[in-house]
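Colleague: Below is a structure I'd like to ask you about.
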Amino acid sequence: MAHGGLKIGILGGTFNPPHIGHLIMAEYAVCEYGLSKVLFMPNGTPPHKDDEGISSFDRLEMTRLAIDGSPDFELCDIEARSDEVSYTYNTLERLKKIYKDDELFFIVGADSAAEMGKWYHPERIFPNCEIIVADRISQKHPKINEEIEGVAKKYGASIHRLGMPLIEFSSTDIRNRIKSGLPYKYMIPECVEEYIKSKNLYH
C-alpha cells in the first residue's frame with residue numbers, strides 16, 4: 001500500500017507504563033523533522049527487558065489511551081501481537097513492506113543509540129530507517145557521543161539529533177512509586193493513571 005512518500009516516526013518500547021516523556025519526545029520529533037505521524041509500538045517479548053508480568057494487552061491499552069486524541073500519533077501493535085521476541089531489525093523490515101514508499105525514522109534515546117551496534121543484526125537496521133536520537137543525556141556524557149558517532153561510521157547510519165527537555169524519570173521510576181505508594185499523578189496522562197488504578201497494576 002503506497003502512502004505518498006510520508007515521513008513515519010517509530011517509537012518503540014515496553015510502555016510499561018507510557019508517560020509524558022514518551023509523548024514529549026514524539027511531539028518534538030514531529031515538529032523538528034516534519035514527521036507525518038509517529039507510530040507508538042509497544043513490544044511483545046522484548047529481548048532486553050522484563051515486563052513485570054503486565055500483559056501485552058494492558059500495555060497496548062495504556063498506550064492507546066495515552067495517545068488518544070492526538071492526530072500525530074498512532075498505535076502500532078505489530079510487535080505486541082506477536083509471540084516472537086521483538087528484534088528491531090525484523091520489525092523494521094516488516095514495517096518497510098507496509099510503508100514501502102515512505103521514509104521511516106526510528107526514535108531512540110541517546111543511551112540506546114550508543115548501544116545499537118550491539119543489537120541483533122545491526123547491519124539490517126540502518127538500511128531501512130534513519131535514526132532520530134533524543135539528545136537528553138549525551139551532552140553530559142562525551143563517551144556516549146563518541147559511541148553514537150562510531151555506530152554511524154561503522155554502519156553508514158543516518159543519525160539525527162533531537163533537542164528536547166531533559167526528563168529524568170522513567171517507567172521504572174513510576175512503577176516503583178506506585179509500589180511504594182508515592183504520588184505519580186503528573187508523570188503520566190490522567191487516563192493512564194485511571195487505567196492503572198482500575199486494573200490495580202504494579203502493586
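Colleague: Under a Cβ-only charge scheme (Lys and Arg +1, Asp and Glu -1), can you give me the dipole magnitude of the chain about the Cα centre, in debye to the nearest 20?
Modeller: Magnitude of the dipole: close to 220 debye.
Colleague: Taking Cα pairs under 8 Å and at least six residues apart, what relative contact order does the chain come out at, in percent? Can you show the working numbers first?
Modeller: On the way: 334 pairs, mean separation 50.9, N = 203.
For the chain, the relative contact order is 25 percent.
Colleague: I would also like to ask the following. Considering only Pro42, Pro127, Pro18, give the residue with the highest GNM mean-square fluctuation for the chain, with springs between Cα atoms whenever their separation is below 10 Å.
Modeller: Ranking Pro42, Pro127, Pro18 by mean-square fluctuation puts Pro127 first.
Colleague: Gain in length, Lys185 to Lys143, computed as 0.36 nm per residue apart minus the alpha-carbon separation, to one decimal in nm? Write down the numbers at each step before the final one.
Modeller: Values: separation 42, 0.36 × 42 = 15.12 nm, distance 3.45 nm.
Result for the pair: 11.7 nm of gain on full extension.
Colleague: Here's a follow-up. Pick out, from Val30, Pro18, Phe169, the residue whose Cα sits farthest towards the positive end of the charge dipole of segment 7-171, with +1 on the Cβ of Lys and Arg and -1 on the Cβ of Asp and Glu.
Modeller: Val30
Colleague: Also: Classify segment 7-171 as rounded, prolate or oblate, taking a ≥ b ≥ c as the square roots of the eigenvalues of its Cα gyration tensor: rounded when a/c is under 1.5, otherwise prolate if a/b is larger than b/c and oblate if not. Display every interim value, and only then the final one.
Modeller: Numbers: a/c = 1.31, a/b = 1.21, b/c = 1.08.
The shape class here is rounded.
Colleague: Something else about it: By how many nm would the segment from Ser36 to Lys154 grow when fully extended, if each residue of separation counts as 0.36 nm and the alpha-carbon distance is taken off? All intermediate terms of the calculation are to be shown ahead of the outcome.
Modeller: Values: separation 118, 0.36 × 118 = 42.48 nm, distance 2.93 nm.
Residue separation times 0.36 nm, minus the Cα-Cα distance, leaves 39.5 nm.
Colleague: Over 10 Å intervals from 0, what percent of Cα-Cα pairs in segment 48-120 sits in each interval?
Modeller: P(r) for segment 48-120, in whole percents per bin: 15, 41, 41, 4.
Colleague: Can you list residues whose amide H is under 5 Å from His160's amide H, if they're 5+ apart or on another chain and H is modeled 1.01 Å from N?
Modeller: Residues meeting the criterion, in which the H sits 1.01 Å from N, are Ile131, Ile132, Val133.
Colleague: Using only DSSP helix segments of four residues or longer, with each worth -39500 (n - 2.57), what per-residue ellipticity at 222 nm results for the chain after dividing by its residue count and rounding to 500?
Modeller: -11500 deg cm²/dmol
Throughout, read-outs are computed from the coordinates displayed, never taken from laboratory work. Since this is a predicted model, take the numbers as computed values, not measurements. When we count neighbours, we look across all protein chains shown, and the Cβ atoms used for this are built from the backbone with ideal geometry, even at glycine.
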